[in-house]
Amino acid sequence: MKNITSKVLLKNILWPLVGLGIFLTTWYIAASIINLEMILPSPVESFRRLFLLFEKSYFWQAVLGTLTRSLISFCISFVIASALSIISFVFEPIKKILSPLVVLLRSVPTMSIILISLIWFKNAVAPMVISAIITFPILYSGFSSSLQEIDPKIVEMSDFYRVPFFRKLFNLFLPYVGPSSLTTIQSGLSFNVKLIIAAEVLASTTQSMGRYMQVSKVYLDTAELLGWTIMAILLSYFLEFVIVVIKRMIIRWK
Amino acid sequence: MKKLVFIVSLLLIISIPLILLEGCIPKEEQSEITEINISVPDGAPALAIAKMLKENSQFEGYNISYSIITGGSTAINAAVNNNLVDILIAPTNLGAILYNRLKGSKDIKLIANVFNSLLYIVGKDSSVESLEQLKGKIVYTIGEGATPDLTFQYILDQKEIMYRVTDDPSDDEIGIQYESDASVLLPKLNSGLVEYAILGEPAVTKTINSFGCYELFSLNDLWNEVTETTEGFPQASFFAIGDILQPEHKDLLNWFAENSMDNVDWVNNNPTLAQETLEDNGWATPVPLNTELISRCNMEYISAEQAKNSITSYLSVLFEMNPISVGGSLPSDDFYYQG
């Protein structure tokens, strides 16, 4: 028994740590070869700057702002995508009507959406609009394909017995598509954080991580820029971790 | 495990020759002709080399190329880091930042101040005559953490006007909001989403000509008012970087200074010609040059020695507001080129 746990420990914790170690060592060596903080600061310096930021209240306001914006825009995108994917699963014509729009949204260059939104919206709103628009087709396609996995015979049967729509939704669709949708949500959410930050940089949004990253770029303060970057990575990890926990809970509950 | 050892050793084998090679590549032989690159950012700074671009001015023993770089301060930094430029125009404080950041690896010196502030507050309400009247309003500005932002905050501090970064200011304070650049701010000014904005030339002229905006304040005038000076603040300067600062290139720098001084008069006398020249060289500024615009640019070539006082006091102000805005410490005397 003890042997098994130590093996699991080795597999799940030790090897990833080795990977991280190789990455940090390479970074450290590269930084000491270049030896110019403006180009590549050492990991030690970057983490030191991150810890210094921890003491600043504007840091937490910015992180909270970015987190809030990510969650709001993700929720908007999520609600629209899940509603439309279920409706188009139930009514075939809607699916056909939506298909060119989804393809269009998926192929519009991200930068075009960003640049146009910057002109149209206030700089607190623009990042949310941008990432909601860009995340939507990803979520929609993910949800649609998990709905396809439902056994059509069960759907047929429920149609035959005239099961009301909302009962179908909660007792058939959601339990079926829940776990695989969560994988879509997991990748969509951290993608969303990245998009929000990119848009914040360009929009100079007040109380945002992107804005401070932009300012540290203006001051050629690369160490601080990497400090903010590390925080952005931690934020994405944290959100993915929350989803993983939810996923485990659902599987256990099932 | 064997695989891992194999991969790691493979990586090492590949990387060692790369590292060694760098030291072994022979330095280019000292040829008779020295290549010199002179670059200026797009927008008003390009005016400072218009005449040289037009005449493709050359100095004996050198092959000088002139270029206009688009992409703002990021592009300037990239050009400096990749050794693509010997003389350039940059915001004066960015030069100080580069001086501090590059210490020990590359020399950078300020050779002259070329532009005093070319920043203005514009708006559609021409009745605004004092900054006090902007209380309760939002002023949008470009260049967060850079010259427009810092000088405006300094002026407000000195005038004891309260301000805050917010889109919902109360009646006794000015709200400040940021936009990444003029191209985003201009459509919002046009549509009325933005009422007041701090912009640099030539965007200022664009708003006056096309959107019915008025020039409400010149940051130069406000600066003079609060500092009790008459010179304005030295917004952008010429910098020389690297080998060109060696004594043997002294004649070249003197020649460049003379040409730059001639250029100021030439641009003032030949606005149309200047515009044609710049447009042929990739100037992406859709505003017709006129004497009004040129005079708002406050272009004047003042050598480092003469400009040193106004530059040090300007940099000290920025330093007091936020030390990082000049790179953490005030540059010492060797920052100023002595011809």
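Couple of notes before you dig in:
- Distance from the Cα centroid of region A:184-214 to that of region B:125-188 is 25 Å (rounded to whole angstrom).
- Taking other C-beta atoms within 10 angstrom as a stand-in for reagent exposure, A:C75, B:C213 fall in the order A:C75, B:C213, fewest first.
- Sites A:E92 and B:E228 - FRET efficiency at Förster radius 60 Å, r taken between beta-carbons, to 0.05: 0.20
- A:M111 paired with A:I150, simple spin-label distance in nm, labels 7 Å along Cα-to-beta-carbon: 4.1
- Convex hull volume per residue in cubic angstrom - Cα atoms of chain B: 184
- Cβ charges +1 (Lys, Arg) and -1 (Asp, Glu), total dipole of the protein assembly as shown, debye: 4720
- Here region B:207-225 and region A:16-76 have alpha carbon centers that stand 40 Å from each other.
- In this structure, the pairs whose alpha-carbon distance is over 21 Å, taken from A:K56/B:K103; B:K54/B:K109; B:K51/B:K109; A:K194/B:K188; A:K95/A:K194; A:K122/B:K137, are A:K56/B:K103; B:K54/B:K109; B:K51/B:K109; A:K194/B:K188; A:K95/A:K194.
- Prolate/oblate/rounded label for region A:143-248 (Cα gyration tensor, a/c 1.5): prolate
- Evaluated at q = 0.11 Å⁻¹: base-10 log I(q)/I(0), Debye formula over Cα of the protein assembly as shown: -1.14
- Calculated P(r) of region B:119-227 - Cα pairs past 21 Å, %: 26
- Most simply put, the protein assembly as shown has about 50% antiparallel DSSP beta bridges, counting only bridges with both residues inside it.
- A simple count of charges around A:S117, restricted to other residues whose Cβ falls under 14 Å of its Cβ and scoring Lys, Arg +1 and Asp, Glu -1, yields +1.
- Of B:G175, B:G123, B:G200, the residue with the greatest mean-square motion in the GNM of chain B, using alpha carbon springs below 10 Å, is B:G175.
- R0 of 30 Å, Cβ-Cβ distance B:S65-A:I39: FRET efficiency to nearest 0.05: 0.75
- Over chain B, relative contact order from alpha-carbon pairs under 8 Å, at least 6 apart, %: 27
- Computed over region A:52-253, the range of Cα coordinates on each principal axis works out to 67, 39, 21 Å, biggest value leading.
- Cα-based helix-to-principal-axis angle, B:250-269 vs chain B, degrees rounded to 10: 30
- Given R0 = 41 Å, the distance between the Cβ atoms of A:V244 and B:S183 translates into a calculated FRET efficiency of 0.45.
- Put in line by how crowded their Cβ is, counting other Cβ atoms within 10 Å and starting with the fewest, B:I176, B:I49 read B:I176, B:I49.
- Expressed per residue, the C-alpha convex hull volume of region B:207-298 stands at 153 Å³.
- Among B:W266, A:W60, the ranking by other beta carbons within 10 Å of each residue's beta carbon, starting with the fewest, stands as A:W60, B:W266.
- Here region B:119-227 carries DSSP beta bridges of which approximately 45% are antiparallel, counting only pairs with both residues inside.
- The Kirkwood hydrodynamic radius of region B:50-135, based on inverse pair distances between different Cα atoms, is 16.4 Å.
- Of A:I34, A:I150, A:F78, farthest towards positive along the dipole that unit charges on Lys, Arg, Asp, Glu beta carbons give the protein assembly as shown: A:I150
- Those chymotrypsin sites (Phe, Trp or Tyr not before Pro) in region A:107-179 that DSSP places in a loop and that have at most 10 other beta carbons within 10 Å: A:Y161
All of the numbers you see were taken from the coordinates with simple rules; none came from a lab. Bear in mind the structure is a predicted one, so any value in this text is a computation, not a measurement. A quick note on method: Cβ atoms are made from the backbone with ideal geometry, for glycine too, and the neighbour counts reach across all protein chains shown.
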